[in-house]
Amino acid sequence: MTSAAELLDLATDIAREAGELARTRRAEGVTVAATKSALADIVTEADREVEALIRSRVAAARPDDGFLGEESGGSAPDAEITWVVDPIDGTVNYAYGLPAWAVSIAAVAGSADPQEWEALAAVVYAPAIGEVFAAARGSGAFLDGRQIHVNAEVGPAGALVATGFGYDPATHAGTLAQIARVMPIARDLRRGGAASLDLSYVAAGRLDAYYERGLQPWDHAAGALLVTEAGGVVSGAPGGRPGRAMTIAAAPPVYDRLVDLLEF
Ligand code: LIP
């Protein structure tokens, strides 16, 4: 079986090529191709083009692998390795020209089900910022080749916590109520708009914690491995896997305090 390091090398090469394509398309001007689950849930022509590039590169290099992409769906669910891809995570940021967007690619084993898979390799590439977050299972997490770690200690001012709002306006009141429950342990909040980068920033110690409801598998697949390889904890509801109901990521002490405040 291919090693996690070999999968990471391939994922990184593909992410860099895909990211440069996305950046080129951004500079040319972005066209919204359609809306999906809600008016705010947009897909651009670049999302589709970048995912097609990633899918073709993976198929050429590893034709027997499965694929699960935000825009083109899944294939070969029984494959030994599945590539879980968000071609442009932070699509709204990308469409507005804000820099917080990323190509997120994870290679997972055992199943195409996020409740069962074992992530082996992860890369989150932010082309507009020029940073590559990478991890191979068991080998640590890295930012541009420098090893990174979660913030194990939070200062007396409290935790810097990131979260997000789903595309469905009907969920916003519940999200705001949840924020009110979390604020007693927070020094401040951040809302970056790209889950893969929020998770990467927890791994790098730039955030003390991140939580969000409503994430899709491709939003958290790569970032979750980065966090655990950086010494953090990632879950859904306590003891569960990250998913639509909830994704929580933090260093152990903050994680435990956050879980006590969130309702599941
Ligand atoms: C986005 C996530 C973000 C969330 C947005 C959206 P997309 O993914 O990365 O954290 O708040 O609602 O789901 O749609 O840009 O790939």
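Within 10 Å of each candidate Cβ there may be at most 16 other Cβ atoms; applying that plus a DSSP loop requirement, which trypsin sites (Lys or Arg not before Pro) in segment 1-77 survive?
Details: sites: Arg16, Arg23, Arg25, Arg26, Lys36, Arg48, Arg55, Arg57; in loops: Lys36.
The qualifying sites are Lys36.
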Give the separation of the Cα centroids, segment 234-264 to segment 39-90, in Å. 27
Put one equal scatterer on each alpha carbon of the chain, apply the Debye formula with no solvent term, and list log10 I(q)/I(0) at q = 0.17 1/Å to two decimals. -1.33
Quick one: how many Å² of Ile248 are accessible to a 1.4 Å probe, rounded to 10? 0
For the chain, give the magnitude of the charge dipole about the Cα centre (Cβ charges: +1 Lys/Arg, -1 Asp/Glu; no others), in debye to the nearest 20. 660
For segment 4-148, what does the convex hull of the Cα positions come to per residue, in cubic angstrom? 108
Are there GluC sites (Glu not before Pro) in segment 10-104 that DSSP puts in a loop and that have at most 15 other Cβ atoms within 10 Å, and which ones? Glu80
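Restrict the search to segment 162-264; then list the GluC sites (Glu not before Pro) that DSSP places in a loop and that have at most 10 other Cβ atoms within 10 Å of their Cβ.
Here the GluC sites (Glu not before Pro) that fit, given the DSSP loop and packing criteria, are Glu263.
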Debye-sum result for segment 159-262 in log10 I(q)/I(0), which assumes one identical scatterer on each alpha carbon, at q = 0.20, 0.23 Å⁻¹: -0.95, -1.31
What is the distance in Å between the Cα centres of segment 197-215 and segment 152-171? 8
Note: His172 to Ser75 extended length (0.36 nm per residue) minus current alpha-carbon separation gives 31.6 nm
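At 1.4 Å probe radius, can you tell me the per residue accessible area of segment 4-148 in Å²?
42
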Once Lys and Arg get +1 and Asp and Glu get -1 on their Cβ, which of Leu226, Val254, Val92 lies farthest toward the positive end of the dipole of the chain? Val254
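Percent relative contact order of segment 1-160, based on C-alpha pairs within less than 8 angstrom and at least six residues apart? Walk me through the numbers before you get to the answer.
Values: 301 pairs, mean separation 31.9, N = 160.
Normalised by residue count, the contact order of segment 1-160 is 20 percent.
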Asserting the computed 222 nm helical MRE of the chain (DSSP H runs at least 4 long, -39500 (n - 2.57) per run, divided by residue count, to nearest 500) equals -11000 deg cm²/dmol
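The values are calculated or read from the model by the stated rules, or taken from the named source; none is laboratory data. A quick note: this is a predicted structure, and the numbers were derived from the prediction, not measured. Every residue, glycine as well, gets a Cβ built from its backbone with ideal geometry; the counts of neighbours run over all protein chains shown. Surface areas here come from the heavy atoms of the whole protein model, side chains and all, with no ligands, DNA or RNA. Shrake-Rupley method; radii C 1.70, N 1.55, O 1.52, S 1.80 Å.
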